Structures are given as C-alpha cells and as structure tokens.
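The values are calculated or read from the model by the stated rules, or taken from the named source; none is laboratory data. Just so we're clear, the structure is a prediction, and the values are computed from it rather than from any experiment. Cβ coordinates were reconstructed from backbone atoms using ideal geometry, including for glycine residues, and neighbour counts include every protein chain displayed. Surface areas here come from the heavy atoms of the whole protein model, side chains and all, with no ligands, DNA or RNA. Shrake-Rupley method; radii C 1.70, N 1.55, O 1.52, S 1.80 Å.
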Amino acid sequence: GKRYSLSSFRDARALTVVFMCNHCPYVVAVHERLNQLAREHQAAGAVLIGINSNDEIEYPDDSYPNMVKTAREWGLVFP
C-alpha cells in the first residue's frame, strides 16, 4: 500500500531492481533466494526492489491486489 519513487532510495549505496511477477516460474523458483539477497546486503546499505510491469488484464494473477497477497504469502522482505 506504499508508493515508492527513485528518490525513496536516495540513501541506498546500491539499488537492485528485479522485474518480477506472480506467475513466472523463474520468479516462483527464486523468491526465497531474493529474500536472502535482500537480507544479506541490507547491512551494507544495498536495497533490492521488485517491480511488476505486467498488464493485469492480460495477466490477472499479476494485479496489484494479487501482488500484495503473494508478497505476504512469500514473506517478501523488500518493496
């Protein structure tokens, strides 16, 4: 429910952007690894963020409400 912009991360020493979605088997396979990377590099000031650029009409599983639900279910530790 929070909005971010590039300036939200201006204090980060590094910013990693991951383009992800709910239905991609590659993302599903690595979501815990992404959490691990986010945790490991946070102490060094690095931030990992996930962006879903899919069209929710074409991919209803990737709608905003479903992304929120999936992020909670997967326990994502990054925005």
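Computed quantities for the displayed model
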{"item": "R72, sole failed condition from (1) loosely packed, with under 10 Cβ neighbours inside 10 Å; (2) in contact with a strand residue (DSSP E or B) (Cβ under 8 Å, 6 or more places away or on another chain); (3) without any contact (Cβ under 8 Å) to a residue 24 or more places away in the chain", "result": "(2)"}
{"item": "Test set (1) more than 17 Å from K2 (Cβ to Cβ); (2) modelled with pLDDT of 95 or more - L48 fails condition number", "result": "(1)"}
{"item": "Enumeration of residues in region 1-27 that are hydrophobic (A, V, I, L, M, F, W, C) and either open to solvent by 100 Å² or more (accessible area, probe 1.4 Å) or without any contact (Cβ under 8 Å) to a residue 12 or more places away in the chain (or both)", "result": "L6, F19, C24, V27"}
{"item": "Tally of residues being open to solvent by 40 Å² or more (accessible area, probe 1.4 Å), of a type in the set (V, I, T) and under 14 Å from the mean Cα position of the chain (by Cα) across region 48-67", "result": "1"}
{"item": "Residues satisfying the stated conditions in region 21-47, i.e. assigned to a loop (DSSP other than H, G, I, E, B) and under 14 Å from the mean Cα position of the chain (by Cα)", "result": "C21, N22, H23, C24"}
{"item": "In region 56-79, the residues that are in contact with a helix residue (DSSP H, G or I) (Cβ under 6 Å, 6 or more places away or on another chain) and more than 19 Å from E32 (Cβ to Cβ)", "result": "E56"}
